[in-house]
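Rule-based calculations on the coordinates, nothing more; no lab input. Keep in mind that what you see is a predicted model, and the values were worked out from it rather than measured. A quick note on method: Cβ atoms are made from the backbone with ideal geometry, for glycine too, and the neighbour counts reach across all protein chains shown.
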Amino acid sequence: MKTDRPRRTGQGLKLTLAALLTALALQPAAAAVAVVSNLEQGGETPFVIGSPLATQFTVGPLPSDGPADHNIWALDKITGRFDGVTGNPSGFEARILNDDSGSPGPLDSPLATLTGPDPRGSQDYDFMPPAGTTISLEPETSYWLAYTSAGLPSDSAYYRMRTTQRLTEDAGALSGWSIGNDVWRINNAGVWETFRVGRTSFPMKFGVEATPVPEPSEYALFIALGLGAFALWHRRRQQEQRAAA
């Protein structure tokens, strides 16, 4: 008995490939990466991390070339500038905190804890989302970059970072993105407060890089649209072939 299984299998493979190509074609083009940074501003001042510290940053609106109802900002990395260490501190962490009515949210329930090196030298260090994860940042929303260490506070071992005396971001930052003008710390009572030295509080030197991407549920929509489009095309083609027979 003859069978058309090989022909049907080949058609199935073609259908699957065509549907995937259609879905990929329907995805919105990748938008430009957003960067807000004060790393190139002058007036650097060394600042001791003797207790958990945080500085606010605000995410701008989504670009106009994508479906704003579905897109989010995905954090690519945080770049911080450090000034070396004193002693031998350990357990350094960079965390992203949610905003709590204008102050940092709880340190023990961060939005995310980033992966990165233990800062030792006077240079810039990159801190990124853990492998295989996406840190979603809502547009037009404030977050906090917090630095902490398991071994702090200590009188003999601490990290030193850089702050800036100029309260502006680098030229070229996208509209709506900004970095706060204060450094906050957790005081002896375990409460966040603005940390001022000589009546002045300068922001930590860091940069935020993020990319607008579809929400995970959007990918399923793109595939469904691709399959639907191909099914419609295939049905019309069959009708045309029957009409021509």
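From Thr133, Thr86, which residue is of a type in the set (Val, Ile, Thr) and more than 18 Å from the chain's Cα centre (by Cα)?
Thr86
Consider Ser154 carefully, then state whether it is of a type in the set (Ser, Thr, Tyr) and over 23 Å from Ala34 (Cα atoms).
Against the criterion (of a type in the set (Ser, Thr, Tyr) and over 23 Å from Ala34 (Cα atoms)), Ser154 qualifies.
Out of the residues in segment 110-129 that are part of a loop (DSSP other than H, G, I, E, B) and free of Cβ contacts under 8 Å to residues at least 40 places away in the same chain, which is farthest from Phe47 (Cα to Cα)?
So, considering only residues that are part of a loop (DSSP other than H, G, I, E, B) and free of Cβ contacts under 8 Å to residues at least 40 places away in the same chain, the one farthest from Phe47 (Cα to Cα) is Leu111.
Please find, among Thr168, Thr163, the residue that is polar (S, T, N, Q), crowded, with 17+ Cβ neighbours inside 10 Å and more than 19 Å from Ala210 (Cβ to Cβ).
Sole residue among the options that is polar (S, T, N, Q), crowded, with 17+ Cβ neighbours inside 10 Å and more than 19 Å from Ala210 (Cβ to Cβ): Thr163.
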